[in-house]
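Student: Supplied in structure tokens, the structure appears directly below.
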2 protein chains.
Amino acid sequence: MQKTRLDTARIRAARRLIDPVFLDTPLYRCEALEPVLGCTVSIKLETANPVRSFKARGTEVVASRLAAGDARAVVCASAGNLGQALAWSGRGRGLDVTVVASRFATVAKLDRIRALDARLELVDGDHEMARERAAALARQDGIRLVEDSLDIETCEGAATIGLELVDTAPSFDTVLIALGGGALATGVGHVLKALVPEVEVICVQPQGAPAMTRSWHRRRVVTTDSADTIADGVAGRRPIPAVLRDLLLVADDAVLVQEASIVAGMRTLLDHAGLVVEPSAALGIAAILEDRPRFADRHVVTLVCGNNVDMDAYHRWVGVSGHA
Amino acid sequence: MQKTRLDTARIRAARRLIDPVFLDTPLYRCEALEPVLGCTVSIKLETANPVRSFKARGTEVVASRLAAGDARAVVCASAGNLGQALAWSGRGRGLDVTVVASRFATVAKLDRIRALDARLELVDGDHEMARERAAALARQDGIRLVEDSLDIETCEGAATIGLELVDTAPSFDTVLIALGGGALATGVGHVLKALVPEVEVICVQPQGAPAMTRSWHRRRVVTTDSADTIADGVAGRRPIPAVLRDLLLVADDAVLVQEASIVAGMRTLLDHAGLVVEPSAALGIAAILEDRPRFADRHVVTLVCGNNVDMDAYHRWVGVSGHA
């Protein structure tokens, strides 16, 4: 494999910076899903922790290193999960955390960011506008900007998931990874390609937010004018060139799925695995539902990467009526 | 502490007999629950594994020992979770597994027992009738009967949860444990009282199935003529004397909760923790909801012990309409 920006030894070292509550997450075969999906399915569950997503693996690395220096403040843009994770990691280390988010972000995520004592600033635009505003704040205040997927800690933190997959002496053929900015995909993909290169790495993105997938296929950055998907965690429009370069080295494929398939994936995980997931975490199941023949007879691992949802929206999506 | 039937060294040894997929389950503080419950709350999540309950910790011990001998077959009575777990543990070790259950048992549990290649026999009565039939089958066929809560492996398997709680250098004050036959409560309770006796052990049972709780309070076995609760996993009527003796040594209290509180507990875990749980797994939250002042300012751990539910019933309970 050509060299990505990531380093396997540094990823192993990163584990020691991460609170154990975020590590060694459940990985288990879920046979009840298999008749529905037509393949062998294992779940890597990243939701049973204080921030209900994998993002704290990265923010723990960022915040540990900041706190070891003399930094007192940090800012990030977030669709909600990174902000929540950075708020958690920063709070425990005495850092002032500012999170910039779209005012259209998932309310449950914004509420949790506030509850974790972070300063939350909302912008009247989408996630890309939040990124610009966070960068401006960092320049203005002279504080560290955490850029998801660009900053190596976010990728190498996520990559610790890959180590855990490999350490189970994997019998699996394929790993399905939600693709947004690319931290999760390049992180986990790097470890898999470095240590078990025969395992297939497939990234999955919504058709309504296809920028990174299109970029991967054309081997150059492609931006989009808008993003329209319920999968708020992966709704970026402007891929980062350095992240795309890494993704080109570690992904075997990148596929797009329809919104209806994402909803069907959420419903499948609820009905057959007893899991509430946010839309981004259902992308892998959606990919299988859209192309069962491709995965038949394969052992597929899907990363259930987050479950921060507005419950009203969730009930609407999965076809059951709203709150009593 | 007076001696229970359980042995801490043997419990440590039991860990080595249990497939790691069932061990070292997530334990995390869930701050989003805290404004609702008025206390500090941590969750020990026993549902992210192939059988979606803690029961395999016990059946792994049973099946390992049976397979190490020359046994080829085993039978148990089950409300559904033990049977599923024994089916899983037996299948991997070449044991013929028979499960006897009530024909009124949760359909999702019965389906999973069949899917795991066990022979399932249904009786036209409740769980106590299933226990009698399983005992008759064991005598007739000369095979091992696994009696939940009576057989020490079921208690000591469950007790490995207690070791994991203790090994986190506990900052918690109270552990809330669903009480049915008593394997979970005596197992976890034994370890806590042996190693961190200052931690309070509170058992929780539905008012509709109060036999063991009444027995604990009267310090002698009290049976009931019927059990009427949605918490199918804890709906026994005839406590086992030896288990009651152990429970008297390790439990600080045993409380009963209303059905409405169990439903509210399930709803609370869904809305604020993103967790689908079966009724038995909501008993701890139900106990807090019924007596917030008792737990205020305490750090409470609740064991989320299973999430095998019929989804139609689940949607009905939590107040959202049925399947689309």
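Student: Considering chain A as a Gaussian network with a 10 Å cut-off on Cα pairs, which listed residue, A:LEU192, A:LEU17, A:LEU270, attains the greatest mean-square fluctuation?
Tutor: So, out of A:LEU192, A:LEU17, A:LEU270, the one fluctuating most is A:LEU270.
Student: Mind listing which trypsin sites (Lys or Arg not before Pro) in region B:145-227 are in a DSSP loop and have 14 or fewer other Cβ atoms within 10 Å?
Tutor: Passing both the DSSP loop test and the Cβ count: B:ARG219, B:ARG220.
Student: Follow-up question, since we're still on this one. Between A:ASP19, A:ASP232, A:ASP312, which gets the highest mean-square fluctuation from a Gaussian network model of chain A, Cα cutoff 10 Å?
Tutor: Residue with maximal mean-square fluctuation among A:ASP19, A:ASP232, A:ASP312: A:ASP312.
Student: Identify the residues of region B:73-106 with backbone N under 15 Å of a label point that sits 7 angstrom from the Cα of B:ARG65 along the Cα-to-Cβ direction, or state none.
Tutor: Label zone hits: B:74-75.
Student: Follow-up. To one decimal in nm, how far is B:GLN140 from the same spot in the other copies, if labels go 7 Å from Cα toward Cβ? Please give the shortest first.
Tutor: Label-point separations across copies, in nm and ascending: 7.9.
Student: Springs between alpha-carbon pairs under 10 angstrom, Gaussian network model over chain A: which of A:LEU275, A:LEU110, A:LEU163 fluctuates most?
Tutor: Evaluated over chain A, the most mobile residue of the options is A:LEU275.
Student: If R₀ is 22 angstrom, what is the calculated FRET efficiency for the pair A:ALA169 and B:ASP117, using the beta carbon separation as r and rounding to 0.05?
Tutor: For A:ALA169 and B:ASP117, the calculated efficiency is 0.35.
Student: Another question, then. Hey, if you put +1 on the Cβ of every Lys and Arg and -1 on every Asp and Glu Cβ in region A:44-138, which of A:THR47, A:VAL99, A:ALA71 ends up farthest toward the positive end of that dipole?
Tutor: Farthest along the dipole direction, towards plus: A:THR47.
Student: Measuring from a point 7 Å out along Cα→Cβ, what nm distances, shortest first, does B:GLN2 have to its partners in the other copies?
Tutor: Computed spacing set for this position: 7.4 nm.
Student: Using a 7 Å offset from the Cα along the Cα-to-Cβ direction at both B:ARG316 and A:ALA296, what is the distance between the two label points in nm, to one decimal?
Tutor: With each label placed 7 Å out from Cα toward Cβ, I get 3.8 nm.
Student: Hey, another quick one. I'd like the Karplus ³J(HN,Hα) series for region B:35-47: coefficients 6.51, -1.76, 1.60, θ = phi - 60°, whole numbers in Hz, and an x wherever there's a Gly or Pro.
Tutor: So the Karplus estimates, Gly and Pro as x, are x, 6, 9, x, 8, 7, 10, 10, 10, 10, 9, 9, 10 Hz.
Student: Rounded to the nearest 20 Debye, what is the dipole magnitude of region A:160-253 about its Cα centre when Lys and Arg each give +1 and Asp and Glu each give -1 at the C-beta?
Tutor: 580
Student: List the trypsin sites (Lys or Arg not before Pro) within region A:236-324 that DSSP assigns to loop and that have no more than 15 neighbouring Cβ atoms inside 10 Å.
Tutor: The qualifying sites are A:ARG298.
Student: Let me ask another. Under a 5 Å amide H to amide H cut-off, with H placed in plane at 1.01 Å, what residues pair with B:VAL255 once short-range neighbours are removed?
Tutor: For B:VAL255, the qualifying residues are B:CYS203, B:VAL204, B:GLN205.
Student: Pull out a ≥ b ≥ c, the square roots of the eigenvalues of the alpha-carbon gyration tensor of region B:56-146, then state rounded if a/c is under 1.5, prolate if not and a/b is larger than b/c, and oblate in the remaining case.
Tutor: Oblate, because a/c is 1.5 or more while a/b does not exceed b/c.
Student: Now for a different question. Using modelled backbone amide H atoms (1.01 Å from N, in-plane), which distant-in-sequence or interchain residues come within less than 5 Å of B:GLU121's amide H?
Tutor: B:VAL99, B:VAL100, B:ALA101
Student: With charges set only on the Cβ (+1 for Lys and Arg, -1 for Asp and Glu), what does the dipole of the protein assembly as shown come to about its Cα centre, in debye to the nearest 20?
Tutor: Result for the protein assembly as shown is approximately 900 debye, rounded to the nearest 20.
Student: Taking each label point as 7 Å beyond Cα in the direction of the beta carbon, state the distances from B:ASP173 to the same residue in the other copies, shortest first, in nm.
Tutor: For B:ASP173, the inter-copy label distances come out at 5.4 nm.
Student: Once you have a ≥ b ≥ c as the square roots of the Cα gyration tensor eigenvalues for region A:44-107, tell me rounded if a/c is under 1.5, and otherwise prolate or oblate according to whether a/b is larger than b/c.
Tutor: oblate
Student: A further question follows. What is chain A's relative contact order, in percent, from Cα pairs under 8 angstrom and six or more apart in sequence?
Tutor: 21
No value in this document is a laboratory result; all are computed from the given coordinates. None of these values were measured; they are calculated from a predicted model. Virtual Cβ from ideal backbone geometry, glycine too; neighbours counted across all protein chains shown.
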